[in-house]
Protein chains: 2
Amino acid sequence: MMVAARGLTIGRLAAQSGVNLETVRYYERIGLMPAPDRTAGGHRVYDQAHRRRLTFVRRGRELGFGIEAIRTLLALAEPGHRSCDDVLAVAGAHLREVRAKLADLARLEVILAQTVSACESHASAPACPVLEMLEAA
Amino acid sequence: MMVAARGLTIGRLAAQSGVNLETVRYYERIGLMPAPDRTAGGHRVYDQAHRRRLTFVRRGRELGFGIEAIRTLLALAEPGHRSCDDVLAVAGAHLREVRAKLADLARLEVILAQTVSACESHASAPACPVLEMLEAA
DNA sequence: TCTGCAACCCGTAGCCACTACGGGATCAAG
DNA sequence: CTTGATCCCGTAGTGGCTACGGGTTGCAGA
């Protein structure tokens, strides 16, 4: 009978796709994952298509895409659509955001690093450089 | 009579310290800013000490410190404490977090940039590289 | 002095993407 | 058949604000 593989519990699905169990239910609530079949007792039963979709979602999240972007990407991944241009628009926009955040964070890092190191070698006599920066008139 | 400067309305305080008006009230609610005096009619009245404190908070936020860290820094900035070591501990921990996020984001940027550029020059024939990455078995 | 309207008041809800909690039901192994 | 792991659901909390709405106050100009 070839055995199992089909008929995943939510726990197994979560483990196999690397997503928190509660998050799976959350994704169902917000319509990112389809409502699965249930056992007689009401437990969710998933199949491999669910697993693939959820893995897609996890990868998208790991790449920093927001939920709405992932919703779009999922639609664009449907056979029939598959427009590389549209995918590119979403991914390109995200890349620009990532780069903007990266630049912000890099500026931050420089300032913090300078101040902290001034603090560590606090030859800089009277006051704490970190506090001075925060208090600067 | 030397005139104004003292007796800031919440709106002026917000404008002068570069913080949103609603955020000022929020900071009061969470105890980050002290409750100011009120006019007979109930409007908040701030002074220069409030302005300095709020500016401190804004600078801290701009440097990416969390509210609790700023609470700590404010305490450490009180005359009498002013321990550079304690300040350094907070700022150093934050710097480490910033560097960790920076590293994460940099990794992300590389992956996204590669995939997007593979997508743009899509000599890579059959499928969209972005979707392939998300779907990879 | 009166009027008009900007600025203020307060409480509550919404944002993002989860995570946690609690009390009860179900499932599967022994 | 019992036990204990797993699952159910709804709700609330996280951080750090921002927005809304309906009402009150403050102040400048006429």
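Throughout, read-outs are computed from the coordinates displayed, never taken from laboratory work. Everything numeric in this text was worked out from a predicted model, so none of it was measured. Cβ placement follows ideal geometry from the backbone for every residue including glycine, while neighbour counts extend to all protein chains displayed.
By the Cβ distance rule (another cysteine Cβ under 4.7 Å), the unpaired cysteines of the protein assembly as shown are A:C119, B:C119. Cβ crowding within 10 Å ranks A:F56, B:F65 as A:F56, B:F65, fewest other Cβ atoms first.
Legend: Rg and Dmax of chain B, from Cα coordinates, 23.6, 80 Å.
Sorted shortest first, the distances from the B:L21 label point to those of the same residue in the other copies are 4.9 nm; each point sits 7 Å from Cα along Cα-to-Cβ. Take the Cα of A:A136, go 7 Å toward its beta carbon, and the backbone nitrogen atoms of the range A:95-124 under 16 Å from that spot belong to A:107-119. Among B:T72, B:T55, B:T39, the residue with the largest mean-square fluctuation in a Gaussian network model of chain B, with springs joining Cα atoms closer than 10 Å, is B:T39.
Taking the Cα centre of the range B:1-107 as reference, the dipole from Cβ charges on Lys and Arg (+1) and Asp and Glu (-1) amounts to some 260 debye. Around the Cα centre of the protein assembly as shown, unit charges on the Cβ atoms of Lys, Arg, Asp and Glu (plus for the first two, minus for the last two) sum to a dipole of about 640 debye.
How much length is gained on full extension from A:A75 to A:A40, taking 0.36 nm per residue of separation minus their Cα-Cα distance?
So the extension gain works out to 9.5 nm.
Each copy carries a label point for B:A49 at 7 Å from Cα along the beta-carbon vector; from one copy to the others these points are 6.7 nm apart, nearest first.
Binning the C-alpha pair distances of the range B:1-72 at 10 Å intervals from 0 yields a P(r) profile of 19, 55, 21, 5, 0 %, listed from the shortest bin outward. Considering helices alone, the calculated mean residue ellipticity of chain B at 222 nm is -20500 deg cm²/dmol, with DSSP H runs of length four and up weighted by -39500 (n - 2.57) and normalised per residue.
What separates the A:R6 label point from its copies, with the point 7 Å along Cα to Cβ, is 8.2 nm, written shortest first. Distances between placed amide hydrogens fall under 5 Å for B:L8 paired with B:Y46, B:D47, all partners being 5 or more residues away or on another chain.
The distance linking the range B:3-51 with the range A:6-53 is 50 Å (Cα centroid to Cα centroid, whole angstrom).
Quote the FRET efficiency, to the nearest 0.05, computed for A:I67 versus B:N20 with a Förster distance R0 of 25 Å and r equal to the Cβ-Cβ distance.
Details: r = 26 Å, r/R0 = 1.04.
Computed FRET efficiency for A:I67 and B:N20 comes out at 0.45.
Per residue, the average separation of C-alpha pairs within less than 8 Å and at least 6 apart gives chain B a relative contact order of 15 percent.
Applying both filters, DSSP loop and at most 15 other Cβ atoms within 10 Å, to the trypsin sites (Lys or Arg not before Pro) of the range B:11-98 gives B:R82.
Local charge for A:P126 was computed over the other residues whose Cβ lies under 14 Å away, with Lys and Arg +1 and Asp and Glu -1, and equals -1.
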